[in-house]
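The structure appears right after this line, and notes come after that.
Please treat every number below as a calculation from the coordinates, not as lab data. Everything quoted here is computed from the prediction, not taken from an experiment. In this analysis, Cβ positions are derived from the backbone assuming ideal geometry, glycine residues included, and neighbour counts consider all displayed protein chains.
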Amino acid sequence: MESGNSIVDLSFLTKFTKGDNNKIKYFIEIYLRTAPKLFGEMAGTFDTMSNDELYSRAHSLKPQCAYVGIIGLKEMLVEIENATRANLDSDSMQELVKRAIELNNRGMSELNTYLEAEKVA
């Protein structure tokens, strides 16, 4: 997964789980179940969500995306956190959230591909 133009690097998760494929799959599956809800809340209720709520969603996603190794996503979430504290204008904030969601979707696609490949192996 860490080759070519992949945006997922499972090296941290592999080290954390001591290479246990069942644990790797477990953590990936948890992420695939929980991340869409939080990202959906960030996007779907953007107009009614306070900066504190947006900060909270971004903050709670950071460790999760770091575990599953979606490259660049943790940094984007830090950007969103910083933007909420700086009271960035709504359009700019929406753009940051949109970019984070797009990167997450690409990463989740790769993680799903990994899980499918593991079923075959």
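Tabulated results
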quantity	calculated
Whole-number percent relative contact order across segment 11-120, with pairs defined as alpha carbons under 8 Å at least 6 apart	27 percent
Placed amide H near residue 70: partners under 5 Å, 5+ positions off or other chain	9
Extension reserve of the residue 90-residue 75 stretch, reckoned as 0.36 nm per residue once the Cα distance is removed	3.4 nm
Cα→Cβ-extended label distance, 7 Å offset, between residue 5 and residue 33, nm	3.3 nm
Structure-derived Kirkwood radius over Cα pairs in Å - corresponding label in (1) 14.8; (2) 24.7; (3) 14.4	(1)
Helical mean residue ellipticity (222 nm; -39500 (n - 2.57) per DSSP H run of 4+; nearest 500) of the chain	-26000 deg cm²/dmol
